[in-house]
1. Translational diffusion coefficient, Stokes-Einstein: compute it for the range 677-723 using the Kirkwood radius over C-alpha pairs as Rh, at 10 °C and 1.306 mPa s, and state it as an integer in µm² s⁻¹.
2. What are the trypsin sites (Lys or Arg not before Pro) within the range 108-174 that DSSP puts in a loop, where the Cβ has at most 13 other Cβ atoms within 10 Å?
3. How far apart, in nanometres, would the label points at residue 498 and residue 567 be if each is projected 7 angstrom from Cα along the Cα-to-Cβ direction?
4. Run the quick spin-label model on residue 11 and residue 517: label points 7 Å from Cα toward the beta carbon, then report their separation in nm to one decimal.
5. Among 314, 356, 330, whose Cα sits farthest toward the positive end of the charge dipole of the range 307-357 (+1 at Cβ of Lys/Arg, -1 at Cβ of Asp/Glu, about the Cα centre)?
6. Name the GluC sites (Glu not before Pro) in the range 28-121 that are in a loop by DSSP and that have at most 12 other C-beta atoms within 10 Å, would you?
7. Report the FRET efficiency, 1/(1 + (r/R0)^6), for residue 89 and residue 251, where r is their Cβ-Cβ distance and R0 is 41 Å, rounded to 0.05.
8. Taking loop as defined by DSSP and a crowding limit of 11 other beta carbons within 10 Å, which trypsin sites (Lys or Arg not before Pro) in the range 373-474 fit?
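Just so it is clear, none of the values below were taken in a lab; they were calculated from the coordinates. Just so we're clear, the structure is a prediction, and the values are computed from it rather than from any experiment. Positions of Cβ are generated from backbone atoms using ideal geometry, with glycine treated the same way; all protein chains shown enter the neighbour counts.
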Amino acid sequence: MFSELKKTVLNYWGYDSFRPLQEKAMIAALQKRDSVVVLPTGGGKSLCFQAPAIVMPGTALIVSPLISLMKDQVDSLKEHGIAAAKIDSTQSEDRNRQVARDLKEGNLKIIYLSPERLVGLKFIEFIKNIDISFFAIDEAHCISMWGHDFRPEYRQMRCLRELFPDIPIHAFTATATSQVRDDISRQLNLANPGVYVGSFDRPNLIFTAEPRNKGIRQVKRIIDKHPGDSGIIYCIKRDDVDAMSAKLVEMGYKALPYHAGLDKTVRKNNQQAFVEEKTDIIVATVAFGMGIDKSNVRYVIHAGMPKSLEHYQQESGRAGRDSLEAECSLFYSGSDFQIWKFLMKDMQKDAREIALSKLSDMYDYCTGTICRHKAISSYFGQALNGKSCGACDICLGSLESVSDSLVIAQKIISCVARLDNSFGADYVSKVLVGSKDKRVLLNNHDNVSTYGILSDHPKGAVRDWIEQLCSTGYLVKTGEYNVVARTPESRAVLKGEETPKLYITKTKSYDKTDMVQKQWEGVDQGLFEELRQIRRVIADSKGLPAFIVFGDAVLRELARFRPVTIRQFSGIKGIGKAKTAEYGHHICRKIREYCERNDIKMGIEPFGEYDDDFKLGKTRMQRSAVDARKKAFRYFKQGFAVDRVALKIERAESTTVQYLVEFIEKNNVDDPFPWVSRDESEQITAAALKSDEEKLKPIYEKLGGKISYDKIRIALACLKNKS
Ligand code: ADP
Ligand code: ZN
C-alpha cells in the first residue's frame with residue numbers, strides 16, 4: 001500500500017519525495033493507528049491525511065475550524081484532480097444535500113466540515129451508514145485549553161471515539177508544547193496513538209530584529225526588497241495599523257488595513273484582497289492570520305514587538321509556507337514593552353505574572369545576541385545544533401562587536417549611578433551623548449560629570465548598548481517606569497574585571513546569502529515574472545487565489561527548467577496529472593515564446609533522466625547526483641579543468657575525477673589534454689607500456705611520484721580508448 005501512496009503523491013501532486021515525518025504519519029494512517037502529528041506551519045500537514053485518504057477505501061472526514069480554510073483546501077484539492085467537497089453554512093442547502101448524496105454513493109475521497117457539523121445528531125446518524133476511512137482533525141490544539149486558540153465546539157468531538165470505536169482519529173497541529181499534545185490525545189480518547197513531532201525550526205525564514213529608530217523608513221526598506229510580493233505588517237495597536245497603511249498607500253504601495261475595529265465586511269474584503277493578490281500588503285493587528293494559508297507570503301514585518309515568542313512564532317510563521325526563502329523582520333523599542341505592560345494592567349494577578357514573564361522573554365529575544373533560530377527553537381524546548389544558521393542577522397554578522405566595549409560600558413554604568421538609578425534608558429542615553437533636551441537641562445543634568453562623555457557616538461547606538469547591558473544583566477530595568485538601575489554585576493565592570501560584549505547593528509542585505517541564492521539558482525527572473533502574470537490571468541478567470549493555481553515554488557521550477565513539451569512539463573516538481581492536462585500546453589507554449597524571444601535555453605536537461613528517475617522512484621538526493629554528473633560532463637566537453645568543475649558542481653575533486661574518467665569512457669576520448677599536459681601524458685604512456693599490469697601504483701612509482709594518481713588515471717582511460 002505504501003508504494004501506491006508514493007505513486008499517488010507523484011501522480012496527483014507531482015512530489016517525488018516526502019518532507020520529514022510525512023512518511024511516518026501516512027504509514028500510521030494506512031495502518032489505521034490513531035496519531036498526533038505536530039509539524040510547524042508549512043511543514044506539510046495536509047498531505048499527511050490527504051494522500052492516505054485517496055489510497056484508502058472510503059471517505060475521509062476532515063475537521064477544520066474555519067470556513068475560509070476549508071474553501072482553500074477544497075479548491076486546491078480539486079485543482080489537483082481529487083474528488084473533494086465541503087459541507088458548511090455558506091453553501092446552499094441544495095449544495096450540501098448534493099454533497100451528502102455524493103458521500104453516500106461513495107463518490108468522494110475527502111470531505112471538509114466544521115466540528116459542530118460533524119457532531120450534529122442528524123449527521124452522526126447519517127454517517128453511521130457510510131464507509132469512513134478516518135477522521136482527521138486539523139488545528140487540533142483548538143480542543144485544548146492550554147493551546148492558544150481554545151474552541152469549545154472542538155470539545156464536542158470527544159464523543160467520536162465512543163460512537164465510532166473502529167474508525168481511526170488523526171490529530172494535526174502546529175502547536176509545540178507537550179502539554180497541548182497530551183491534552184489532545186486525552187480529550188479525543190486516542191488509543192496508543194503514534195506521536196510525531198517535527199522540528200520547529202524553519203530554515204527558509206530569515207529572522208532579524210532591530211531597534212526601531214528610523215520609523216517607517218525601516219519598514220519601507222524591507223518592502224522595497226520584495227516588489228510585487230505579498231507581505232504582512234503587524235502593528236500592536238489599531239491606530240498604528242490605520243496610520244501605517246494610510247502612509248504606505250500615500251507612498252504608492254498597495255496596502256490595506258485589518259483589525260477588529262473595522263467593519264466585518266471591510267475586514268473580510270481586505271483579507272480576500274490579500275489572498276487573491278489584489279493588494280500586496282496587509283497591515284494588521286494580531287487579529288489577522290488565522291485561517292490564512294496563503295503559501296507565498298514573502299515577508300512578515302513586525303513594526304512593533306509582539307507580546308510573546310509564541311505570538312511571534314505564529315505570526316512570523318505565516319511567511320514562506322512554500323519553503324522558499326522569506327524574511328521575518330522585527331522592529332522593537334523599549335516603548336513596546338511599556339505599551340504591552342500597560343495593556344496587561346487589568347489582568348488577574350497570576351495570569352498577569354505569566355504574561356509579563358513571556359513579555360520579558362520576548363524582549364530578551366529582541367535584544368539578545370544568539371542565533372535567532374536557536375533562540376526560538378530553544379524557547380520551544382528543542383535544541384538546534386550547528387554553528388551558523390545562515391539565515392539570521394546574528395549569524396550573518398550584522399552585529400559588529402565594539403572594540404572598546406569595556407570603557408563604553410563603564411561610562412554608561414557610571415552615568416546610571418550619577419542619575420541615582422532613577423531614569424529610563426532613553427533619558428540616560430540623552431545625558432551620555434550630551435543632548436540639549438529640555439528635560440535634561442531642567443534637571444541640571446548637563447552639569448553631571450558623565451554628561452556628554454559618549455558624545456562621539458550616535459544616540460541610537462548608546463540607547464542600544466544600554467539595552468544590551470540590561471539583557472546581559474549588568475543593568476536592570478525596574479519599577480513602573482522601567483528606570484534603569486545598576487546590578488551587583490555592574491561593579492565588576494567598573495573595576496575592569498569583566499568586559500560586557502557590546503555590539504553595533506549594521507543594516508545588511510540578506511539577498512545574497514547562500515540559502516537565498518540556492519533558492520533562485522538557475523531561475524530566469526524575467527520568465528518567473530512573466531509566469532506570475534500568466535498565473536494571475538488564470539487565477540482571475542477561475543476565481544481562485546493565484547497560489548492555488550501554482551505555488552511560487554512551482555513557478556520557480558518552471559522558470560528554472562523551462563519545459564516546452566508535455567513530458568518535460570509533467571516532470572516538474574509540484575505538477576501532477578490534473579495540472580498537466582489543464583495547463584500543460586498553454587504554459588509550454590508561453591515558455592517557448594519567452595525563451596525564443598530572449599534567446600535563452602529551454603527544456604533544460606536532465607529531463608530525460610528525470611523521467612527515468614520518476615519511474616525508478618529515485619529520490620531528489622539521488623537525482624542531484626545525476627544532475628552533478630550531467631553538469632560535469634557539459635563542462636568537460638568545454639575543456640574545463642578538474643578543480644574548476646569541482647567548484648561548479650560543488651563536489652570533491654576526487655568525485656569530479658571519477659566523473660571525468662566516466663566521461664572519457666563514454667565519449668571515447670583518446671587525448672587526455674587539457675587535463676594532463678602533452679609531456680606528462682607521454683611519460684605516463686611510456687611507463688604504462690613498460691609495466692604489464694594495469695595497476696596505478698607501479699606506474700606512479702616508475703614516474704618517481706612526480707605525477708599525481710589522478711592524472712595517471714585520466715591518461716590511462718584515454719590510452720584504453722586509443723588501443
Ligand atoms: P501546513 O498545513 O503544515 O502548514 P501545508 O500542508 O499547507 O503545510 O504545506 C505547505 C506547502 O508545502 C504546500 O505548498 C504544500 O503543497 C507543500 N508540500 C507539502 N508536502 C510536500 C512534499 N512532500 N514535497 C514538496 N512540497 C510539499
Ligand atoms: Zn542564526
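1. 153
2. Those that pass, being in a loop and sparsely packed, are 128.
3. Once both label points are built, they end up 7.0 nm from each other.
4. 4.2
5. Positive-most Cα among the choices belongs to 356.
6. For GluC sites (Glu not before Pro) across the range 28-121 that sit outside H, G, I, E and B with at most 12 neighbouring Cβ atoms in 10 Å, the list reads 105.
7. That gives a FRET efficiency of 0.50.
8. Sparse-neighbourhood loop trypsin sites (Lys or Arg not before Pro): 387, 436.
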